[in-house]
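What follows is a short report on a single structure.
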Amino acid sequence: MSPPEKLIGIIGKTNVGKSTLFAALTLASVPIANHPFTTIKPNIGIGYVKKKCVHVELGTRCNPRTGYCIKGYRFIPVKIIDVAGLIPGASKGRGLGNKFMDDLRQADVLIHVVDAAGSTSPEGNPVAPGTYDPVEEAILIQKEVDEWFVSVINRVWERFIKKLYTTKNPLDLLAQTLSGLSIKKNHVVEAIRKCGLEDKKFNAWSSEDIRKFAIQLRHVAKPIIIAANKIDLSPAEHNIDRLIDVFGKEKVVPVSALAELALKKAALSNLIEYIPGEPSFKISDYTKLTASQKRGLKYIENKVLAKWGTTGVQELLNRAVFNILNLIVVYPVEDHHRYTDHHGNVLPDAYLVPKGTTARELAYMIHTDLGRTFLYAINARTGERLGENYELQDNDIVKIVAVAAH
C-alpha cells in the first residue's frame, strides 16, 4: 500500500533562488551558485506538506509508514523537481529551454520562484536590489511556459485530428493523446468549457482556438503559484504587493528560501528547535553557536520572522497542494476499531487525494484488486457503511471492504 505521488515542479529564471528553495523543501544537497545554469540535470527530492494529524482528536499516537509526525503535525511526502533555469526565448529552445520543458511534463503544479527584490537580470546575473522588475519577470517566464504548451499542443493536434474519424469518443481520444503531459479528461473538459468551445467540432477549430485551448489547458492542468523570494531585502515588500495586484493573493506567497534552509540545517545540527512553518525557533544551547551563526539567526528573526510571521516556505508548499491542487487528506486503515494496518501501526498512511474522490477510487489507489472487488467502505469514526460513490471528506479514516480472495 503506497500513497499516490504528487509532483511539484520548481521553475523560474536562473539565480532567483530555485535551488535554494528546492534544498529548503527537501534538505537535498544541490549545487547553489549565483550564475546561470547551475542546475542542468533536474534535481528530484521529497518535500512534506504539513497538516494537523487526526491522531490528536483521537487521543492516540500514530506510526506513519511514510513521512513523519511531530507535535501533532503530520508531514506528508510529495515529490519535488527543480529544473534548469529559464531565460527569455526558452520556449523556442534558447538556453536549456527544451530540456527544461520536457522535465516538467509530469508536474501537477508549478512553483514559480521570482526574485521579489529585483536583484537578478533577465539573463540570470546578480544586479543591485531594485534594479529589475519582478512583475515583468513573472509575466515573461509564465508566458514562456504558455508558449511551450502551445507548441506541444500544436505538435500533437494533427495526429489527433487524423485519428478523430476512427473514434466514437473524441474527448477520450484527446485526453489519451495528451496523457504524456499528465493531463486527464477532466482537465480537457474544463479547458474547453473555459474557452467556450463546447459546441464547436474539433476539426472546425481554428489555429486561434487551438492556441486559446492550449493556454487554458496549461492553467488548468499545470497551475502556477509564485514564490516571491528574498523577502529579507528591502525592495521586496512593495514588489510583493504589486505581484498580488497582478496575479492575486492566492497565487503569491512571500518566502525566504535561504532563511528556511538555514533554520532546517541548524535544527538538523541540534543547534535550534524548529518545526517547519512555525513563526519562531528555540536555541538549544547558545554556547554552541559561533558568532556568525548568532548573527545569522538574529537576522532571520528580525528581517524574516518578526516581519513576515514565517519564512513562507511551508505555507507555499501547503498552498500549492491543498489550495491550488485542491487535495484532501484521507487515512486508509485495515482495522477500523483500532485505526491500524495489519502490523498494528496506527494511522500508517496519509493519502493526498483530489477533493471529490470516491470510496471505490480510493480502493483502486490502494490496490487494483481492492478496487475491482470493492464491496463497501467503513467510516472508522462512526462505523457507518459507505457506498462506492461516497465522496471522501478531508481527514476521513476509512476501511475498504472487498470480496475475499480465494
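The values are calculated or read from the model by the stated rules, or taken from the named source; none is laboratory data. Quantities reported herein were computed from a predicted structural model and do not represent experimental measurements. No Cβ is skipped: glycine too gets one built from the backbone with ideal geometry, and neighbour counts run over all protein chains shown.
Applying the selection to region 356-386, what residues are exposed (fewer than 14 other Cβ atoms within 10 Å of the Cβ) and small (Gly, Ala, Ser)?
Gly356, Gly383
Applying the selection to region 221-235, what residues are part of a loop (DSSP other than H, G, I, E, B) and under 13 Å from Val321 (Cα atoms)?
Answer for region 221-235, where residues must be part of a loop (DSSP other than H, G, I, E, B) and under 13 Å from Val321 (Cα atoms): Lys222, Pro223.
Which of (1) under 30 Å from Gly12 (Cβ atoms); (2) assigned to a helix (DSSP H, G or I); (3) within 27 Å of the chain's Cα centre (by Cα) does Asp172 not meet, given it meets every other one?
So Asp172 meets the others, but not (1).
Return the residues of region 220-236 that are out of contact with any strand residue (DSSP E or B) (no Cβ under 7 Å at 6 or more places or on another chain) and either basic (Lys, Arg) or surrounded by fewer than 16 Cβ atoms within 10 Å (Cβ to Cβ) (or both); say none if nothing qualifies.
Ser234, the sole residue that qualifies.
Show the residue pairs that are 6+ apart or on different chains and have beta-carbon atoms under 6 Å apart, the first residue being within region 134-145 and over 15 Å from Arg211 (Cα atoms), the second being surrounded by fewer than 20 Cβ atoms within 10 Å (Cβ to Cβ) and at pLDDT 90 or above.
That search, which allows pairs on different chains as well, returns Val135/Arg242; Val135/Val246.
So, of the residues in region 67-82 that are of a type in the set (A, V, I, L, M, F, W, C), out of contact with any Lys or Arg (no Cβ under 6 Å at 6 or more places or on another chain) and in contact (Cβ under 8 Å) with a residue 24 or more places away in the chain, which turns out to be farthest from Ile10 (Cα to Cα)?
The initial filter retains those residues of region 67-82 that are of a type in the set (A, V, I, L, M, F, W, C), namely 69-70, 75-76, 78, 80-81.
Those still in the list that are out of contact with any Lys or Arg (no Cβ under 6 Å at 6 or more places or on another chain) too: 69-70, 76, 80-81.
Okay, now just the ones that are also in contact (Cβ under 8 Å) with a residue 24 or more places away in the chain, so 70, 76, 80-81.
On the way: Ile70: 26, Ile76: 18, Ile80: 7, Ile81: 6 Å.
Ranking the qualifying residues of region 67-82, first place goes to Ile70.
Which residue out of Arg74, Arg94 is part of a loop (DSSP other than H, G, I, E, B) and either surrounded by fewer than 17 Cβ atoms within 10 Å (Cβ to Cβ) or modelled with pLDDT of 95 or more (or both)?
Going through Arg74, Arg94 in turn, just one is part of a loop (DSSP other than H, G, I, E, B) and either surrounded by fewer than 17 Cβ atoms within 10 Å (Cβ to Cβ) or modelled with pLDDT of 95 or more (or both): Arg94.
Could you list, in sequence order, all residues of region 100-137 that are under 21 Å from Arg218 (Cβ atoms), assigned to a loop (DSSP other than H, G, I, E, B) and of a type outside the set (Lys, Arg)?
Answer for region 100-137, where residues must be under 21 Å from Arg218 (Cβ atoms), assigned to a loop (DSSP other than H, G, I, E, B) and of a type outside the set (Lys, Arg): Leu104, Gln106, Ala107, Asp108.
Hey, among Ile215, Ile240, which residue is in a helix (DSSP H, G or I), over 24 Å from Ile81 (Cβ atoms) and not charged (D, E, K, R)?
Ile240
Looking at this structure, is Ala175 outside the structural domain of Val304 (by TED's automatic domain parsing), over 20 Å from Val135 (Cα atoms), small (Gly, Ala, Ser) and touching a residue at least 12 places away in the same chain (Cβ under 8 Å)?
Values: outside the structural domain of Val304 (by TED's automatic domain parsing): yes; over 20 Å from Val135 (Cα atoms): yes; small (Gly, Ala, Ser): yes; touching a residue at least 12 places away in the same chain (Cβ under 8 Å): yes.
So Ala175 passes the test.
Looking at Asn125, is it in contact with a helix residue (DSSP H, G or I) (Cβ under 7 Å, 6 or more places away or on another chain), exposed (fewer than 15 other Cβ atoms within 10 Å of the Cβ) and touching a residue at least 24 places away in the same chain (Cβ under 8 Å)?
Details: in contact with a helix residue (DSSP H, G or I) (Cβ under 7 Å, 6 or more places away or on another chain): no; exposed (fewer than 15 other Cβ atoms within 10 Å of the Cβ): yes; touching a residue at least 24 places away in the same chain (Cβ under 8 Å): yes.
Considered against the rule, which asks whether it is in contact with a helix residue (DSSP H, G or I) (Cβ under 7 Å, 6 or more places away or on another chain), exposed (fewer than 15 other Cβ atoms within 10 Å of the Cβ) and touching a residue at least 24 places away in the same chain (Cβ under 8 Å), Asn125 comes out as no.
Starting from residues that are at pLDDT 95 or above and in a loop (DSSP other than H, G, I, E, B), keep the ones in region 246-270 and report whichever is surrounded by the fewest Cβ atoms within 10 Å (Cβ to Cβ).
Among those that are at pLDDT 95 or above and in a loop (DSSP other than H, G, I, E, B), it is Gly248.
Going residue by residue through region 224-244, is there one that turns out to be among the aliphatic types (A, V, I, L, M), outside the structural domain of His187 (by TED's automatic domain parsing) and either without any contact (Cβ under 8 Å) to a residue 40 or more places away in the chain or on the phi > 0 side of the Ramachandran plot (or both)?
Taking every residue of region 224-244 in turn, at least one turns out to be among the aliphatic types (A, V, I, L, M), outside the structural domain of His187 (by TED's automatic domain parsing) and either without any contact (Cβ under 8 Å) to a residue 40 or more places away in the chain or on the phi > 0 side of the Ramachandran plot (or both).
Which count do you get for residues in region 14-42 that are over 18 Å from the mean Cα position of the chain (by Cα) and modelled with pLDDT of 70 or more?
3
Of everything in region 391-406, what is closer than 18 Å to Val54 by Cβ and assigned to a loop (DSSP other than H, G, I, E, B)? Give them in sequence order.
Correct list: Leu392, Gln393, Asp394, Asn395.
Report yes if some residue within region 328-343 is out of contact with any Gly (no Cβ under 9 Å at 6 or more places or on another chain), surrounded by fewer than 18 Cβ atoms within 10 Å (Cβ to Cβ), basic (Lys, Arg) and not assigned by TED's automatic domain parsing to the domain that holds Leu263; otherwise report no.
no
Go through Ser269, Ser280 for me and flag whichever is under 22 Å from Phe22 (Cα atoms), without any contact (Cβ under 8 Å) to a residue 12 or more places away in the chain and over 18 Å from the mean Cα position of the chain (by Cα).
It is Ser269.
Going by the structure shown, is Arg319 closer than 24 Å to Ile80 by Cβ, surrounded by fewer than 22 Cβ atoms within 10 Å (Cβ to Cβ) and either in the same structural domain as Lys50 (by TED's automatic domain parsing) or touching a residue at least 12 places away in the same chain (Cβ under 8 Å) (or both)?
yes
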